[in-house]
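The values are calculated or read from the model by the stated rules, or taken from the named source; none is laboratory data. Since the structure is predicted, the reported quantities are computational estimates derived from the model, not experimental observations. Quick reminder, even Gly has a Cβ in these numbers, built from the backbone with ideal geometry, and neighbours come from all protein chains shown. We work out accessible area using only protein heavy atoms, side chains counted, and drop any ligands, DNA or RNA first. Shrake-Rupley method; radii C 1.70, N 1.55, O 1.52, S 1.80 Å.
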Amino acid sequence: MKSPRESWTSRIAFILAAAGSAVGLGNIWRFPYVVGTNGGAAFVLIFLVIVLIIGYPLMVTEITLGRETNKNPIGTFKALAPDMPWWLIGAMGVLAGFVILSFYSVVSGWGIAYFFKTLDGSLASGADYEGVFFDHVESPIAPLVWHFIFMTMTVAIVGLGIVKGIGRAVKYLMPVLFILIVFLVIRGVTLSGASEGLAFYLSPDFSQITWRSWLDAAGQAFFSLSLGMGAIITYGSYLGKKDDVPSSAGWIVGLDVFIALLAGLAIFPAVFALGFAETEGPGLAFITLPAVFAEMPFGMFFGGVFFLFFSVAALTSALSLLEVVVSWLVDEKAMSRKKATIYVGLGIFILGIPASLSMGAVSLNVFGMSFFNFLDFLQETILLPVGGLLTIIFAGYVFKANRLRESANENATLFSLGKWFEYLIKYVTPVALIIILIVGFLL
Ligand code: PFF
């Protein structure tokens with residue numbers, strides 16, 4: 001007999017899990033380098049605008065749709081619009097969970113490997129940081145071993161379910177995460193010479209902003225907030241009607257943005273104080289930062305703390321990516337959770353193999369990009385933004401904006417959403433997204 005569907009033990013458990021999904025490599029690895037390559041503080045401001053007009057409304061929408069149906073993303077759209085093809089949004093989400101986790105786990109594995117590298121001295125002062133990074137990511141075996149270990153941890157937790165697995169893991173891991181980042185920020189801003197980095201990060205220069213920056217900000221917001229692929233629908237589906245939506249969504253968005261800002265605050269002052277370039281790109285966390293740590297007093301200790309933070313944040317996000325696919329198999333295909341988790345975990349591990357190897361061990365190109373970059377490109381430019389746009393259109397026009405607002409407001413605690421919310425999801429959010437997507441691609 002099929003066991004009844006689980007639900008979160010408390011509202012806090014849900015907020016921690018969803019914030020755990022949101023706070024991840026997107027905040028620590030991606031946000032600082034996207035800010036760095038887009039000119040700093042001005043980009044941070046447009047990111048905040050995007051979060052307000054696209055991120056928050058979509059967060060409310062996804063939680064509400066999940067809470068409404070208590071189903072996985074495909075099941076949610078099927079239940080709300082039977083006989084119509086809207087379930088394809090959910091199918092795109094399941095695909096996105098599979099695709100994103102495959103390369104996400106590879107990068108998370110680099111993070112764990114780097115944690116150990118801070119301990120064994122390979123990142124000590126004077127090391128060839130670029131060499132260490134490329135040697136690691138281009139080697140055929142080591143990154144795959146860490147990828148396997150990371151996927152095994154993810155599978156073990158998701159296999160235990162919502163209450164005993166995900167809920168319990170985030171209860172312990174999220175406070176740890178918070179303590180680690182505060183520690184890193186204090187270290188960063190108290191370095192002598194930190195002020196130049198703070199200025200780059202905090203005083204805007206709008207001449208650096210282009211249309212492309214808006215597209216980058218939108219891509220960053222979707223990824224960072226875990227939106228556009230049903231992860232939040234899935235987590236929302238384990239809520240009951242008695243649980244609040246508007247302020248929970250506020251907490252999740254707020255915590256995610258706060259941690260991204262703190263990650264920048266931990267990183268930029270240190271990068272500038274020690275005379276490194278802020279525009280390093282994806283290597284920022286793995287090439288520039290270890291060099292920065294090596295020059296700091298007790299640097300290897302702080303380096304270790306940083307990569308521990310990195311790996312824990314990645315793990316709580318990976319749980320939600322896997323849960324999207326697993327919840328679909330459990331709800332719709334009546335598979336047992338254990339079986340679904342192991343099969344999907346194995347499938348994702350296998351897809352991660354070519355992603356990892358394409359970093360240099362073998363030459364594996366798709367449309368002129370390495371397979372790794374192709375998967376990232378697929379999620380950033382297609383799966384998440386298109387998924388998010390279709391979800392908001394569905395909510396505003398098929399499910400109907402007034403019904404969504406009423407449903408979201410049911411049992412709201414701190415505040416309820418006013419009529420403005422309907423205008424937001426019917427006009428402002430979709431139009432802003434369409435303009436950003438069209439113009440961003442054309443220019
Ligand atoms: N939000 C995660 C991060 O910032 O690293 C990544 C992510 C998790 C994206 C879950 C999408 C998702 F559904």
Legend entry - the stretch 1-50: projected area of the alpha-carbon convex hull, averaged over directions, in nm²: 5.6
Legend entry - Cα-based radius of gyration of the stretch 205-320 once divided by 2.2 N^0.38 Å, which approximates compact folds: 1.31
Legend entry - Share of pairwise Cα separations in the stretch 149-219, more than 19 Å, in percent: 65
Legend entry - Calculated over the stretch 26-95: convex hull of Cα atoms, volume per residue (Å³): 114
Inset, instruction - Report the net charge of residues surrounding residue 319, where surrounding means a beta-carbon distance below 15 angstrom and charges are Lys +1, Arg +1, Asp -1, Glu -1. - result: +2
Inset, instruction - Please identify every one of the GluC sites (Glu not before Pro) in the stretch 326-413 that sits in a loop by DSSP and has no more than 13 other beta carbons within 10 Å of its own beta carbon. - result: none
Inset, instruction - Would you mind telling me the share, in percent, of accessible area of the chain contributed by carbon and sulfur at probe 1.4 angstrom? - result: 69
Legend entry - For the stretch 152-193, the spread of Cα positions along each principal axis, largest first, Å: 47, 19, 8
Legend entry - Surface accessible to a 1.4 Å probe, per residue, for the residues of the chain, Å²: 38
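First select every other residue whose beta carbon is under 13 angstrom from the beta carbon of residue 250; then total the charges, Lys and Arg +1, Asp and Glu -1.
That sum, taken over residues with Cβ under 13 Å, equals -1.
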Legend entry - At least 24 Å along the helix axis (C-alpha) and Kyte average at least 0.0, DSSP helices within the chain: 87-120, 142-159, 168-189, 246-273, 299-332, 337-357
Legend entry - Distant-in-sequence amide H partners of residue 366 (H built 1.01 Å from N, under 5 Å): 371
Legend entry - Estimated vicinal HN-Hα couplings, Hz - the stretch 33-40 in sequence order (Karplus 6.51, -1.76, 1.60; Gly, Pro = x): 6, 5, 5, x, 7, 10, x, x
Legend entry - Two-site label geometry, residue 5 and residue 148: point separation in nm, points 7 Å out along Cα→Cβ: 3.6
Legend entry - Sites residue 419 and residue 171, calculated FRET efficiency, Cβ-Cβ separation with R0 22 Å, nearest 0.05: 0.05
Legend entry - Using alpha carbons only: equivalent-ellipsoid semi-axes of the chain, gyration tensor based, whole Å: 34, 25, 21
Inset, instruction - Kindly provide the helix-only [θ] at 222 nm of the chain, computed as the sum of -39,500 (n - 2.57) over DSSP H runs of four or more divided by all residues, to the nearest 500 deg cm²/dmol? - result: -22000 deg cm²/dmol
Legend entry - Over 18 Å between alpha carbons, listed pairs 71/333; 164/241; 400/426; 78/400; 241/338: 164/241; 241/338
Legend entry - Cβ-defined net charge surrounding residue 345, 15 Å radius [Lys, Arg +1; Asp, Glu -1]: +2
Inset, instruction - Could I have the simple spin-label model distance between residue 366 and residue 207, label points 7 Å from Cα toward Cβ, reported in nm to one decimal? - result: 4.1
Inset, instruction - Can you pull a Stokes-Einstein diffusion coefficient for the stretch 300-394 at 10 °C (1.306 mPa s), Rh from Kirkwood over Cα pairs, as a whole number of µm²/s? - result: 99
